[in-house]
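A short worksheet on the structure shown next.
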Amino acid sequence: MKINRRKFTGLASAMALTACAGLSISGSWAADMPAPFDNAADVKIALVRYLSTGDFFQAYLSGVETQAQALGVDLRILDSRQDAALQADMVDQAIALGVDGIIVQHGLTESMQDAVQRALDAGIKVVAFDVNVENEAVPQVEQSDRDLARLALEQAIKDNGESFTAGYVYVPGIAPLDRRDETWKEFKERYPGIKEKAQFGTLDNPIANANANQARSVLQANPDITVMFAPYDEFAKGVKIAVDEAGMSQDIKIYSADVSTADIAAMREPDSAWVATAATNPAVVGEVSVRTLAMLLAGEDPGASVIVPPTLITRDMLMDSDIKSMQDLAAKLPAFAHADVATPDWMPLPAR
C-alpha cells in the first residue's frame, strides 16, 4: 500500500505520542521538513493565555499540546488567569526564555499591542487567537465568530419567529465577544421585532456561577423574556442555572456559542432550555493555532486571517443522533473532528 507523506507523518505522530508525549520528531523524514523543524527539539514556542477557566479553554490547550507534540517542539505554557498586566509581563517572560514563537490566546488589545510588538522586535513570530493586537505582522486565528453568532441566531429565528423578547449576555473588550456582538446588532436591525430587554454579563471567576447570579436578577425583573442569547458556553451555563432555579426551562430558550462534553450533557437534560449552540472543536482550534505559528517559523505565509469554520449543534440533533460527548460529536460530524486549515504537505498532524 502506498503511504503518502501526510499519512506517514500521521502514523509517526501516533507512534511518538503513544511512546512518549515529549518525544521529538526524529528520523530521515524529519530531515525533509523545512527549517527549523528539521531539528524540531530545538524549537521553543510559548502559549500566553488570558482566559483559561472552562471546558473550552481546557480543550483548546489540549489541542495546542497535541499539535506541539506532533511537531516535536518544546512548548511553554504561561497562564495569566485574566490579569491583563500579568499577560503582558508573560510575553516578556517568553521573550526572556528565548522562544522562537508565541501564541497569544485572548486578552485585551490595549495591554497586548506593545507586548506583542516587543516580541516582534526581538525577532519572535507571533500568532493571536481571539485577540486583536492590531498588527499586520500577526496572523489572527479565529473561529469565524460572526458565523458562530449568525448560526445560533438563525436558529433562534427559526424556533421563535422574527419577534421575541430577549436577554443578552455580553462583556465588551474581548475580541471574539465583540465580533459576535456585531452580528447580534445586525440581527436586531434586520428583525426589528427582536426586543433586547436586558443586557448583562461578567468574566469574574467562576464565570458560569457569576453570570447565574446576574441572570437571576434579570429574570426576576423581566419575566417576559423568552430568548436568551449567551454567545459563550460559560455564559450559557450560568443562564441555564438561573432558568432552572426559576422553573422557567419550558418558557425560555437559550442560544449559545462553543461546546464541550459538559455542555452536551446540559443540553440533553430533560426539558433543557439550552436548545442550540454554534461551535468549532476547541481542540482543533488549538491545533490550528500551533500550525499557523509553525508555518510562520518555516517562512510560509498562513494569511492575515486563519478561520476555522463552525457547526450548528441543536438539542434535537444531540438527542436524535444519541450524541453524549465531544467524541460522539466528532465521530458523527466528521467536519467537527478536523479542520483542513493551515495544513501544508510537510506538516505532521496529531493522531486521530
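A few remarks follow.
- Residue among Val259, Val308 that is buried (at least 24 other Cβ atoms within 10 Å of the Cβ), in contact (Cβ under 8 Å) with a residue 24 or more places away in the chain and within 21 Å of Leu153 (Cβ to Cβ): Val259
- The residue pairs whose first member lies in the range 176-198 and is more than 13 Å from Gly161 (Cα to Cα) and not assigned by TED's automatic domain parsing to the domain that holds Gln155, whose second member is aliphatic (A, V, I, L, M) and surrounded by 15 or more Cβ atoms within 10 Å (Cβ to Cβ), and whose beta carbons are closer than 8 Å, counting only pairs six or more residues apart or on different chains, do not exist in this structure.
- The range 126-140 - residue that is under 16 Å from Ala88 (Cα atoms) and part of a strand (DSSP E or B) and, of those, farthest from the chain's Cα centre (by Cα): Val126
- The listed residues are Thr280, Thr292, Thr311, and the only one of them that is among the hydroxyl-bearing types (Ser, Thr, Tyr) and modelled with pLDDT of 95 or more turns out to be Thr292.
- Restricting Ala16, Ala30, Ala46, Ala35 to residues that are assigned by TED's automatic domain parsing to the domain that holds Val127, within 19 Å of Val288 (Cβ to Cβ) and either touching a Gly at 6+ places or on another chain (Cβ under 8 Å) or modelled with pLDDT of 95 or more (or both) narrows the list to Ala46.
- Pick from the range 220-235, criterion touching a residue at least 40 places away in the same chain (Cβ under 8 Å) and part of a helix (DSSP H, G or I), ranking: nearest to Ile264 (Cα to Cα): Asp233
- Considering Val99, Val133, Val127, the condition of being β-branched (Val, Ile, Thr) and out of contact with any Ser or Thr (no Cβ under 9 Å at 6 or more places or on another chain) is satisfied by Val99 alone.
- Candidates Ala115, Ala119, Ala68, filtered to the one that is crowded, with 17+ Cβ neighbours inside 10 Å, outside the structural domain of Asp263 (by TED's automatic domain parsing), within 19 Å of Glu287 (Cβ to Cβ) and aliphatic (A, V, I, L, M): Ala68
The values are calculated or read from the model by the stated rules, or taken from the named source; none is laboratory data. Please read all numbers here as calculations on a predicted model, not as lab measurements. Cβ coordinates were reconstructed from backbone atoms using ideal geometry, including for glycine residues, and neighbour counts include every protein chain displayed.
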